[in-house]
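The values are calculated or read from the model by the stated rules, or taken from the named source; none is laboratory data. Keep in mind that this is a model prediction, so the values were computed, not measured. Note that each Cβ is placed from the backbone with ideal geometry, even for glycine, and that neighbours are counted across all protein chains shown. Heads up: the accessible areas ignore ligands, DNA and RNA and are worked out on the full protein's heavy atoms, side chains in. Shrake-Rupley method; radii C 1.70, N 1.55, O 1.52, S 1.80 Å.
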Amino acid sequence: MADGASSLPRVRVDGKFFRAGEKKFCLKGVSYGPFAPHNGKESFASPEQTARDFELARELGANVLRVYDVPPRWLLDLAAQHELRLLVDIPWQKFRCFLESRIAMESARTAVREAARACAGHPAVFALSVVNEIPADVARWSGAREVTAFIEELVEIAKSEDPECLCTFANYPPTEFLRPRNVDFVCFNVYLHHRRPFENYLARLQNQADTLPLVLGEFGADSQQEGETAKSEMLAWQIEAGFRSGLAGMIVFSFTDDWFKGGHPVTGWFMGLTTRERKPKESFYAVRNAFAVAPHFPMTHHPKVSVVVACYNGARTLRPCLDSLGRLNYPDYEVILVDDGSTDATPQIASLYPDLRVIRQENHGLSVARNTGIAAAQGEIVAFTDADCRADEDWLYYLVGDLISSRFTGIGGPNFLPPEDSPVAAAVLVSPGGPAHVMLNDRVAEHIPGCNMAFYKWALEEIGRFDPIFTKAGDDVDLCWRLQQRGYRIGYNPAGFVWHYRRSTVRAYLKQQEGYGEAEAMLVRKHPEYFNSLGGGLWRGRIYTAGKFGLVLGRSVIYHGTFATGFFQTLYAAEPSWALMLLTSFEFHVLVTLPLLALSAPFHFLFPVALASLMVSLAVCVTAGWQAELPKDRQRLWSRALVALLFFLQPISRGWARYKGRLGLRPTPQAAVERLEGLSRKDSGEPLGRLHFWGDHGIDRIDWVNGLVLRLDQQGWPSKTDSGWSEYDIEIFGSRWSQLQLTTATEDFDGGKRLFRCRLRAFWSLPAKAAFWSLLGFEMLLIGVVARDEPWLWMLLLTMPIFGWFLEQEKRNLLRSIAAFVDEVARQRGLTKLKYDAERDKFEVGA
C-alpha cells in the first residue's frame with residue numbers, strides 16, 4: 001500500500017450522514033469512466049492520465065469518484081495519494097433474467113466476492129455497490145421479493161470478505177420498489193431537470209431511506225441537449241437543493257465526455273464536466289463553486305435559537321446530551337437546562353458547563369418545565385430535546401434552515417437509536433409505543449415527538465404554551481393539535497436528527513408506557529375529536545416508527561406502469577392488521593380472557609376456551625416478535641422473545657393506565673356543574689331538547705356557534721366540532737355514560753332579525769352501550785348454563801332495568817345541564833328566550 005493510503009481513515013455511517021474518523025464526511029463526487037482499456041484489460045486510463053484526472057478532480061472539489069469496474073491496486077493507491085475515495089460498482093450480467101440461471105447467479109456472487117476481496121481493507125474504498133440499475137422488466141419478471149433477497153445475499157457476501165466496508169445498491173426510479181434492508185446507505189440515480197419535482201422526489205426518497213443516509217449516485221445533464229449554460233445553472237441548484245434537503249452526498253455524472261461502453265466509445269452524449277480532452281467546461285466551474293460551499297449553504301438569516309432541555313433525574317445521559325449541544329453547527333443559540341427537581345447528580349453535572357443556563361425548580365412535570373424554559377428563552381425560535389438525547393451537530397442547521405425558508409410554524413426531525421445503546425434498548429426500539437412522527441405527506445407532519453422539535457416562540461405564546469396537566473407525556477401531541485387547530489402547519493426535516501437513548505430495562509419501558517397511557521386519558525378528554533369511542537387515536541397521517549403497530553399479513557402492491565414502463569414504479573406496502581392486534585389489547589383481556597378464566601373455575605368445560613383465548617394473544621405477540629426488524633449488531637438469541645414479551649405487556653400496562661386515568665377524571669366539569677345548578681331547566685310541556693331564541697341585532701349563526709364552542713372550552717366541557725361530515729354542529733362529551741349533539745339553524749326576518757333554533761340530542765355513549773349489552777349477555781349466558789339448578793339466578797335480570805334507569809338519568813342530566821348552559825350563553829349574547837306554543841303554532845317570550 002502506498003504511504004498516502006494509510007493516512008485516510010475509513011468512512012463509516014453516522015445516522016443520516018457519514019463520518020471519517022471524528023469528522024463528518026460529506027460525499028462530493030463525480031463519476032469516472034469507464035474508459036477504453038489502456039492495456040487491453042483494465043477499463044481505466046493509463047496511470048499517467050489517471051493522475052492528471054485525479055488532480056483535476058481535486059480542483060473540482062470532489063472527494064469521491066464513482067467507478068464502474070473494480071479498480072486495480074495501483075489506482076486505489078493513486079486515489080489515496082490524492083485523498084480521493086472510490087465508490088466501486090461491481091459489474092455483472094444484471095440486464096439478463098439472472099434469477100433464471102444458476103450460472104448467472106453464481107457468476108454474480110463470484111464477481112462480488114472477488115471485488116470485495118480485491119478492495120478489502122483499502123482506505124481509498126468508500127463503498128461497494130453490488131449492482132447498478134436492474135432493469136424494471138427483469139425485476140418484475142423475477143419478482144421484487146426474490147430480486148431484493150438476492151441483492152441482500154450479495155451484500156452479505158461482500159461483508160463476509162470485508163466486514164467494515166460500506167455496501168449499497170444503486171437504484172433508480174423505475175425500480176424504486178426494490179428496498180434491500182442490509183445496505184449501509186440508500187443510493188439512487190435521479191435525472192430530474194425541474195426544481196420542484198427534484199426537491200419533491202428527494203423528500204420522498206428521504207422518507208423511504210428512513211434511518212439510513214441518502215446519496216444521489218448519479219445526476220446530471222447533457223451539454224448538447226440542455227445547453228452548457230443551462231446545464232451549469234441546473235447542476236448548481238441541484239447541488240444546493242440536494243444538500244439543503246439533507247443528502248449525505250451527491251455524485252455528478254460525469255467527469256468527462258470521454259466514455260467507453262460495450263467495446264466502443266459512446267458518442268452523442270455530452271454529460272461530462274470536461275471535454276474528451278479533459279478541458280473544463282462552464283459546468284465544471286459551476287460544480288466547483290457549489291462543492292466549495294456544500295454541504296452548508298448559507299441561510300437568509302440566523303434567528304437566535306433557545307434550546308430547552310427539561311430534565312428530571314436524567315444524570316445517566318445528561319453529559320452526552322450537553323456535550324452534543326455544545327458542538328452545534330449554528331452561530332446564534334443558547335442552551336437552557338430546566339432541572340425539574342432532580343434528586344440525582346443532575347445539578348453537579350450541569351455545573352461543569354459554564355455557558356449553560358440552568359434553572360432549578362421544584363418538580364412540577366414535563367410541561368411546566370418546558371414552559372419555564374420558554375419563559376426564559378431569549379431566542380426567536382425555541383427548540384426542544386430531552387436529557388436522554390444527543391443532537392447531531394447539524395441539528396439546528398437543518399431544522400431552522402427549513403423553518404425560516406418555509407411557511408411552517410414548527411418543525412421536527414427523527415430520533416435514532418444510538419450505536420452504543422444496549423441490546424435491550426434495541427428490543428425496546430422495535431416494540432410498540434415508542435416516540436414516532438406522523439406524516440401527512442413527505443414534508444408536512446401531523447405530529448412530531450417532543451424529543452426533537454422547534455417552534456417560533458410567538459406561536460407557543462399565542463396558544464398558551466404547553467398545557468401543565470401533562471406531566472409525563474402527551475404535551476407534544478396536545479401542542480401539535482392546538483397549533484393545527486389554529487391553521488398552522490408543522491414541517492419535518494429528516495436530516496435534523498437526534499440520537500435517543502431508549503429505556504434499558506423492561507421495568508423502565510413499562511413505566512414509560514404507563515405515563516403514555518395516563519397522557520392518553522387526558523388527551524381523550526381534551527381532544528375527543530382525535531379519538532374513536534374506544535380511545536384509539538384517529539391519525540390522519542402515516543405513522544413512522546421502528547416498532548410495528550400490527551402484524552403484516554398481506555402482500556405489497558407495486559405500480560409498474562403499462563408493460564413495466566413506468567418511470568416511477570412505486571411500492572405500496574401492505575398495511576398492518578390492526579384487527580389482529582386487538583387480540584392483545586387490554587380490552588380483549590378484560591372482556592374476554594379474564595371472564596373466561598374466572599368462569600372456568602366453576603364451569604370446567606370453559607377452560608379450553610379460556611386457554612385458547614390466551615394462546616391466540618400470545619401467538620400474535622410471538623409473530624410480532626418474529627417480524628420485528630432488529631438492528632443486527634445488537635440482536636441476541638433472546639431479543640425476539642423479549643420483543644414478543646413487550647408486545648404482550650405493553651397494551652396491558654398502557655391500557656390499564658389509560659382507563660385508570662379516564663376513570664379518575666370527573667366526567668362532567670365540576671366548576672361548570674356548580675355554575676349551572678341553579679339554572680337547570682325544569683321539565684315543561686316544551687320538549688327538553690328544543691330551544692328557540694330571538695335576536696334583533698344581527699347575530700350570525702356561525703358566530704353564535706363559535707361562541708358556544710369558546711364557552712365550552714372555557715368551562716372545561718370536552719367537545720368536538722363538525723368536520724364537514726357530521727349532521728351536527730357540536731358534540732359534547734359531558735359524561736362517560738352519555739354524550740350530546742347540538743344542531744343549530746336560523747330563520748331570517750326583516751331588519752336583520754333572526755330566529756335561532758337549537759336541537760339537543762343526548763344518547764348513551766359507546767362505553768355505556770358496551771357495558772349494558774355485555775352485562776346483559778353475560779347474565780343471559782350464566783342463566784342459560786345453570787338456571788335449572790339455581791333458579792334464583794333469574795333475579796340477576798333485575799339489575800338490567802336498574803342499570804338502564806341509571807344510564808337514562810345520566811343522559812337526561814346531561815341534556816338538562818347543556819340546555820341550561822345554552823340558555824345562559826344566549827342571555828349573555830342578548831338573545832331572547834322563546835317558548836313554542838304547539839296548539840297555536842307560534843312562539844312567545846317565555847322563561
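Could you compute how fast the stretch 186-239 diffuses translationally, taking Rh as the Kirkwood radius over C-alpha pairs and applying Stokes-Einstein at 10 °C with viscosity 1.306 mPa s? Give it in µm² per second. The diffusion coefficient I find is 133 µm²/s. Straight-line reach from K231: taking Cα to Cα under 16 Å and skipping same-chain neighbours fewer than 8 places apart, the aspartates and glutamates in range are E218, D222, E240, D257, E282. Which value, to two decimals, describes the C-alpha radius of gyration of the stretch 396-459 once divided by 2.2 N^0.38 Å? Taking the Cα Rg and dividing by 2.2 N^0.38 Å, one obtains 1.31. Stokes-Einstein diffusion of the stretch 328-471 at 4 °C, 1.567 mPa s viscosity, Kirkwood radius from Cα pairs, rounded to a whole number: 77 µm²/s. Compute the long axis of helix 395-404 from its Cα atoms, compare it with the longest principal axis of the Cα atoms of the chain, and write down the angle in degrees, 0 to 90, nearest 10. Here the helix axis deviates by roughly 70 degrees. The orientation-averaged shadow of the Cα convex hull for the chain, equal to a quarter of the hull surface, comes to 46.7 nm². Each of T211, F198, V183 was placed along the dipole of the stretch 170-228 (beta-carbon charges, centred on the mean Cα), and the one lying farthest toward the positive end is T211. Ordered by 1.4 Å accessible area with all protein chains kept, S245, S405, S556 run largest first as S405, S556, S245. For Q715, put the label point 7 Å out on the Cα→Cβ axis and report which residues of the stretch 728-767 keep their amide N under 13 Å from it. Once the point is set 7 Å along Cα→Cβ of Q715, 732-734 turn out to lie under 13 Å by backbone N, inside the stretch 728-767.
Working note: Debye formula, equal point scatterers on the alpha-carbon atoms of the stretch 411-552, no solvent; log10 I(q)/I(0) at q = 0.14, 0.15, 0.17, 0.18 Å⁻¹ is -0.69, -0.80, -1.04, -1.17. Expressed as a whole percent, the accessible surface of the chain that belongs to carbon and sulfur atoms is 56, based on a 1.4 Å probe.
Give me the percent of Cα-Cα pairs in the stretch 61-158 that sit more than 15 Å apart, rounded to a whole number. Summing the P(r) of the stretch 61-158 above 15 Å gives 61 percent of all pairs.
The convex hull defined by the C-alpha atoms of the stretch 526-638 has an orientation-averaged projected area of 12.8 nm². With the helix formula -39500 (n - 2.57) applied to DSSP H stretches of n ≥ 4, the chain reaches a computed 222 nm mean residue ellipticity of -12000 deg cm²/dmol. Extension gain for K261 to N182 (0.36 nm times residue separation, less C-alpha to C-alpha distance): 25.4 nm. Normalised by 2.2 N^0.38 Å, where N is the number of residues, the alpha-carbon radius of gyration of the stretch 250-358 equals 1.96.
For the stretch 1-160, the dipole from Cβ point charges (+1 on Lys and Arg, -1 on Asp and Glu) about the Cα centre works out to 400 debye, to the nearest 20. For the chain, the solvent-accessible area works out to 45 Å² per residue, with a probe of 1.4 Å and every protein chain left in place. To the nearest ten degrees, helix 102-119 and the longest principal axis of the Cα atoms of the chain are 70 degrees apart.
Candidate cross-link partners of K159 among the lysines, defined by an alpha-carbon separation under 16 Å and a same-chain spacing of 8 or more, comprise K632.
In the chain, the longest principal axis of the Cα atoms and the axis of helix 639-664 are about 30 degrees apart.
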